[in-house]
Amino acid sequence: MSFSPDVTETLARARADLRMGVPVVIGDALILAAETLTATRLADVMALDGAPVIAITARRAQTLKARAYDGDLARVILPRDASLGWVQSVADPADDLRAPLKGPLTAAREGCADMHRLALLLVKSARLLPAAVILTLSDARSFAAGHALTYIDGPFATAHLQERSPLHPVIHARLPMEVSDAGRLHIFRPEDGGEEHYAIEIGRPDRSAPVLCRLHSACFTGDLMGSLKCDCGPQLRAALAQMGAEGHGVLLYLNQEGRGIGLANKMRAYSLQDQGFDTVEANHRLGFEDDERDFRLGSDILKIMGFSAVRLLTNNPRKVAMMEQSGIRVAERVPLAVGENRHNAAYLATKAAKSGHLL
């Protein structure tokens, strides 16, 4: 009988738990997402034996002047009188300028940080702030069973969290659009319960020739709301218009909002930009890298659809390199310089200076 969830399904359940504020157990560690932590659960953690920590990424640690002894993360020891407000101020940079001194913060330097690393990967994949309260347990499996918590074996979780989930085609159907009557929408679903991704096919592109292609990351604010803070909406419409004019093309619409950090965190980054930080600095203060997207998803979809070469509509050399490294030949980079305005001029300049975009 195979009714029990496997590790992929259990991780999907764990993401949902963390988003609701429910703790999970990975290996020998009790894990609570800092963003959804409650005062009651924090008090319960502090009442247990052991020394709880809040794990934050090295990017966030740098902002807080905490020592990242583990290289890519810091294990900040929770003071015995730590309040929910203190934990959330360590996780969330919203009040950094108003109250820049959170410490002094003491970081753990002894012991293994493997479970803390997994915890940060898990909360990131749940689109939460990359910070987690963690306590090592003496009998983790029994603790999880006694409190009806999701339990995940550490070694099994590692491989699944570090690798992208396989994509599978779900359905495709005709979709007449303004740019072309000959449109078709393909839906692809990952095995891990994550966001679905889409391919908009214009005409009937020859699979044996380089196809005009755009890798476009979802942007609710730009694509749907006409935001002037970015150039995403104009790029989306210009790419589709060019495909319509040529009579063929494939636009890959990847649900990696906010450079892969999710819409809520993207709005946090926007709030930080209003305080004077550029787009890269804002991501770093939140604890993320410059860009958390995985463009290999695009090459996966193209291969499933039968394409092996593209004329890539992009200003981002990283996308070109990813395609080549993933086995999709880039026959031509097609510039897509549209959408500059007075509201996004500094944003575009930062993309060119810090992210290498060819603008």
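The values are calculated or read from the model by the stated rules, or taken from the named source; none is laboratory data. Computed from a predicted structure; not experimentally measured. Here the Cβ is made from the backbone with ideal geometry for all residues, glycine too, and neighbour counts use every protein chain on show. The area values use the complete protein model at the heavy-atom level, side chains included, leaving out ligands, DNA and RNA. Shrake-Rupley method; radii C 1.70, N 1.55, O 1.52, S 1.80 Å.
Under the condition of being in a loop (DSSP other than H, G, I, E, B) and crowded, with 20+ Cβ neighbours inside 10 Å, the residues counted in the range 197-217 number 1. A single member of GLY287, GLY298 is under 17 Å from the mean Cα position of the chain (by Cα) and either more than 30 Å from ASP206 (Cβ to Cβ) or among the acidic types (Asp, Glu) (or both), and it is GLY287.
Here CYS230 passes the criteria (1) without any contact (Cβ under 8 Å) to a residue 60 or more places away in the chain; (2) of a type outside the set (Asp, Glu); (3) under 30 Å from GLN273 (Cα atoms) except the one numbered (1). Within the range 301-348, the residues that satisfy the criterion of being in contact with a helix residue (DSSP H, G or I) (Cβ under 7 Å, 6 or more places away or on another chain), part of a strand (DSSP E or B) and over 26 Å from LEU228 (Cα atoms) are VAL310, VAL330. Candidates in the range 218-234 are the residues that are touching an Asp or Glu at 6+ places or on another chain (Cβ under 8 Å) and within 21 Å of VAL320 (Cβ to Cβ); of these, the one that is most open to solvent (accessible area, probe 1.4 Å) is CYS232.
Conditions tested, residue by residue: (1) touching a residue at least 60 places away in the same chain (Cβ under 8 Å); (2) open to solvent by less than 40 Å² (accessible area, probe 1.4 Å); (3) of a type in the set (Val, Ile, Thr); (4) closer than 23 Å to ASP96 by Cβ.
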{"position": "ASP274", "(1), (2), (3), (4)": "no, no, no, yes"}
{"position": "LEU297", "(1), (2), (3), (4)": "yes, yes, no, no"}
{"position": "VAL310", "(1), (2), (3), (4)": "yes, yes, yes, no"}
{"position": "VAL320", "(1), (2), (3), (4)": "no, yes, yes, no"}
{"position": "GLU340", "(1), (2), (3), (4)": "yes, no, no, no"}
{"position": "HIS343", "(1), (2), (3), (4)": "yes, no, no, no"}
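Based on what the data block shows, is ARG237 basic (Lys, Arg) and either under 29 Å from GLU163 (Cα atoms) or open to solvent by less than 50 Å² (accessible area, probe 1.4 Å) (or both)? Taking the combined requirement at face value, the residue does not satisfy it. Among the criteria (1) under 18 Å from the mean Cα position of the chain (by Cα); (2) of a type in the set (S, T, N, Q); (3) assigned to a loop (DSSP other than H, G, I, E, B), the one SER180 does not fulfil is (1).
For the subset of the range 159-177 comprising residues that are in contact with a Gly (Cβ under 8 Å, 6 or more places away or on another chain) and free of Cβ contacts under 8 Å to residues at least 40 places away in the same chain, which member is farthest from GLU196 (Cα to Cα)? Across the range 159-177, the extreme among qualifying residues is PRO176.
When the range 83-126 is filtered for residues that are of a type in the set (Val, Ile, Thr), closer than 26 Å to ALA282 by Cβ and either touching a Phe, Trp or Tyr at 6+ places or on another chain (Cβ under 8 Å) or surrounded by fewer than 21 Cβ atoms within 10 Å (Cβ to Cβ) (or both), nothing remains.
ARG141 - would you say it is among the charged types (D, E, K, R) and surrounded by 11 or more Cβ atoms within 10 Å (Cβ to Cβ)? Please lay out each step first, then the result.
Working: among the charged types (D, E, K, R): yes; surrounded by 11 or more Cβ atoms within 10 Å (Cβ to Cβ): yes.
Spelling it out, ARG141 is indeed among the charged types (D, E, K, R) and surrounded by 11 or more Cβ atoms within 10 Å (Cβ to Cβ).
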